[in-house]
Amino acid sequence: TLQPSEIAKFAVVLVFAHIISLNHSRMESFAVGVVPFALVLGAVAVLMLLEPHLSGTVLILGIGAVLMFVGGTGLRWFVLAGVGGAGAIGAAIVIMPDLVPYAASRLSSWLGLGLGNSRQKHLFVPEPQNDFIFSILCEELGFVGACAVILLFSLLLLRGVTLAAHAPDRFGALLVVGFVVQVALQAVLNIAVVTNTIPNTGISLPFFSSGGTS
């Protein structure tokens with residue numbers, strides 16, 4: 001009912017907010033604005049990939065990137081990271097079938113099952129209480145209900161940004177941004193999976209999916 005990686009998400013937000021608040025005036029430099037964050041993210045990402053927990057890894061990297069951007073890390077470092085990330089993704093697609101067979105099967109399923117091979121028409125939705133609970137919510141509450149849920153997440157994000165803008169100190173502002181972005185980004189990834197916009201990541205919908213973590 002509780003994933004250790006969930007604790008890591010909060011830990012990353014706390015550590016990043018602390019480092020940025022202490023070194024905000026020097027965030028443009030590589031030594032201060034990139035190295036300490038890369039070390040933390042690298043250690044956490046390696047441990048999570050060994051589980052393996054690919055979706056949690058993507059989420060933590062996303063949270064870290066947002067906090068670094070808001071904290072003032074130089075844009076040129078993001079460009080370099082993007083180029084390196086693209087290469088890493090390409091390499092991962094090549095070696096994924098050998099290292100993470102289940103992820104490879106999810107990717108092939110996302111690309112399409114072919115005409116006549118649908119599973120949904122046989123009333124099959126995997127993990128309706130967890131990963132795919134949004135599809136059940138849409139079926140039960142309809143278009144208006146689905147839009148209401150998306151609006152609630154959007155309002156939570158907006159409220160968080162407003163609180164961050166009025167926070168009395170930089171640490172508090174970064175803390176709010178980190179926590180709210182974590183929830184919002186996780187919701188976006190979950191809904192994107194349910195609508196088949198991205199491959200299945202196995203990530204839950206905050207406040208809706210079953211389990212102590214959610």
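The values are calculated or read from the model by the stated rules, or taken from the named source; none is laboratory data. If you're wondering where the values come from, they're calculated on a predicted model, not measured in any experiment. Here the Cβ is made from the backbone with ideal geometry for all residues, glycine too, and neighbour counts use every protein chain on show. We work out accessible area using only protein heavy atoms, side chains counted, and drop any ligands, DNA or RNA first. Shrake-Rupley method; radii C 1.70, N 1.55, O 1.52, S 1.80 Å.
Got at least one residue in segment 64-73 being modelled with pLDDT under 90, touching a His at 6+ places or on another chain (Cβ under 8 Å) and farther than 22 Å from A187 by Cα?
yes
S204 versus (1) closer than 18 Å to S55 by Cα; (2) open to solvent by 30 Å² or more (accessible area, probe 1.4 Å); (3) not aliphatic (A, V, I, L, M): which is the lone unmet condition?
Failed condition: (2).
In the set L2, L61, which member is open to solvent by 30 Å² or more (accessible area, probe 1.4 Å) and not in a helix (DSSP H, G or I)?
Of the residues listed, the single one that is open to solvent by 30 Å² or more (accessible area, probe 1.4 Å) and not in a helix (DSSP H, G or I) is L2.
Please go through (1) in a helix (DSSP H, G or I); (2) at pLDDT below 85 for I198 and return the number of the only condition it doesn't satisfy.
I198 satisfies every listed condition except (1).
Anything in segment 170-195 that is in contact (Cβ under 8 Å) with a residue 12 or more places away in the chain, touching a Ser or Thr at 6+ places or on another chain (Cβ under 9 Å) and of a type in the set (S, T, N, Q)? List them, or say none.
Q186, N190
Somewhere in segment 24-34, is a residue of a type in the set (A, V, I, L, M), touching a residue at least 12 places away in the same chain (Cβ under 8 Å) and not in a helix (DSSP H, G or I)?
yes
Quick check, is L163 surrounded by 12 or more Cβ atoms within 10 Å (Cβ to Cβ), modelled with pLDDT under 90 and not in a loop (DSSP other than H, G, I, E, B)?
Answer is no for this residue.
Any idea which of T213, T195 is more than 14 Å from the chain's Cα centre (by Cα), surrounded by fewer than 19 Cβ atoms within 10 Å (Cβ to Cβ) and over 25 Å from L2 (Cβ atoms)?
Just one listed residue meets the conditions, T195.
Out of V149, V125, V176, which single residue is in contact with a helix residue (DSSP H, G or I) (Cβ under 9 Å, 6 or more places away or on another chain), open to solvent by less than 90 Å² (accessible area, probe 1.4 Å) and either acidic (D, E) or under 26 Å from H18 (Cα atoms) (or both)?
One residue alone meets the criteria, V176.
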